[in-house]
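Just so it is clear, none of the values below were taken in a lab; they were calculated from the coordinates. This is a predicted model, so every value here is computed, not measured. Don't worry about glycine lacking a Cβ; one is built from the backbone with ideal geometry, like all the others, and counts go over all protein chains shown.
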């Protein structure tokens, strides 16, 4: 392996450690991954699960007003669902892709010269 390739491989390794934070390997074989979602309590976790289930019921029934007309307490807390989705969104992976793009663009420009 050339020195330049070894340097690039090491740089990619460092970038991956820095940016790939959403998923963590669950085992040594890297077959399964774990995504961490932060909650302040078991109650908040329960609320998030409950809200997602209600949203799924609405999706299956295809009747947006059905749940809210039945019981005002069962209205969906959309902000809680969006917060969980936000925690799962791998923005750092997109930053990593920008870094790769920049490195490859630099390599292509060097080849043209």
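Below is a table of values for the structure above.
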read-out: Cβ-based exposure ranking for 31, 57, in which fewest neighbours within 10 Å come first; value: 31, 57
read-out: Modelled FRET efficiency - R0 30 Å, residue 2 with residue 95, Cβ distances, 0.05 increments; value: 0.65
read-out: Rounded, prolate or oblate (a/c below 1.5 giving rounded, otherwise prolate when a/b exceeds b/c) for the stretch 1-54 by Cα gyration tensor; value: prolate
read-out: Where a label projected 7 Å from the Cα of residue 21 along Cα→Cβ would reach, residues of the stretch 85-109 with amide N under 19 Å; value: 85-100
